[in-house]
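Right, one structure below, let's go through it.
The values are calculated or read from the model by the stated rules, or taken from the named source; none is laboratory data. Just so we're clear, the structure is a prediction, and the values are computed from it rather than from any experiment. Cβ placement follows ideal geometry from the backbone for every residue including glycine, while neighbour counts extend to all protein chains displayed. Quick note on the areas: whole protein, heavy atoms, side chains included, nothing else; ligands and nucleic acids left out. Shrake-Rupley method; radii C 1.70, N 1.55, O 1.52, S 1.80 Å.
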Amino acid sequence: DGWIPIGGSGLADALPVLHETWERAGRGPERPMVVPSFVEPSPGKLEHYAELGIDQVVLRLPAGEETEVLRTLDAYARYL
């Protein structure tokens, strides 16, 4: 019955289920680390993740020429 949300839309609903299942399975007091991948950052999205207790994300990069990738990395620098 478990599922993994794609994108951030279902994460708020999925995390409580994950945490409950984790605790019921007797997995230590620390909660599992959740790291969303392929994230296109924005201040609102990163704030939402932080409110959910997520402190790491893997950012999405374009599959393109070096200049395009570097331009994207430069744009992401403001979020570091």
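Couplings for the stretch 75-80, taken from phi via the Karplus curve 6.51 cos²θ - 1.76 cosθ + 1.60 with θ = phi - 60°, read 5, 6, 4, 5, 8, 7 Hz in order; Gly and Pro are left as x. Solvent exposure of the chain, expressed per residue, is 79 Å² of accessible area, with all protein chains present and a 1.4 angstrom probe.
For L59 and V17, a Förster radius of 22 Å and the Cβ-Cβ distance give a FRET efficiency of 0.30, rounded to the nearest 0.05. In the chain, inverting the average of 1/r over every pair of distinct C-alpha atoms gives 14.4 Å as the Kirkwood radius. Look at the dipole of the chain built from charges on Cβ: of V69, Y49, L15, the Cα furthest out on the positive end belongs to L15.
Database remark: amide H of V39 closer than 5 angstrom to the amide H of V58, L59, R60 (H placed geometrically; neighbours at sequence offset of 5 or more, or on other chains; Pro and chain starts carry no H). Residue by residue, the stretch 31-42 carries 3J(HN,Hα) couplings of 7, x, 7, 10, 10, x, 10, 6, 7, 9, x, 8 Hz when phi is fed to the Karplus relation 6.51 cos²θ - 1.76 cosθ + 1.60 (θ = phi - 60°); x denotes Gly or Pro.
Can you give the helix-only mean residue ellipticity at 222 nm for the chain, where every DSSP H stretch with n ≥ 4 adds -39500 (n - 2.57) and the sum goes over all residues, rounded to the nearest 500 deg cm²/dmol? Computed ellipticity for the chain at 222 nm equals -13000 deg cm²/dmol.
With the simple model of a label 7 Å out from the Cα in the direction of the Cβ, A50 to E68 spans 3.1 nm.
Compared with the dominant Cα axis of the chain, that is its longest principal axis, helix 11-24 is turned about 40°. Distance between the pseudo-spin-label points of R78 and A25 (7 Å out from Cα toward the beta carbon): 3.9 nm.
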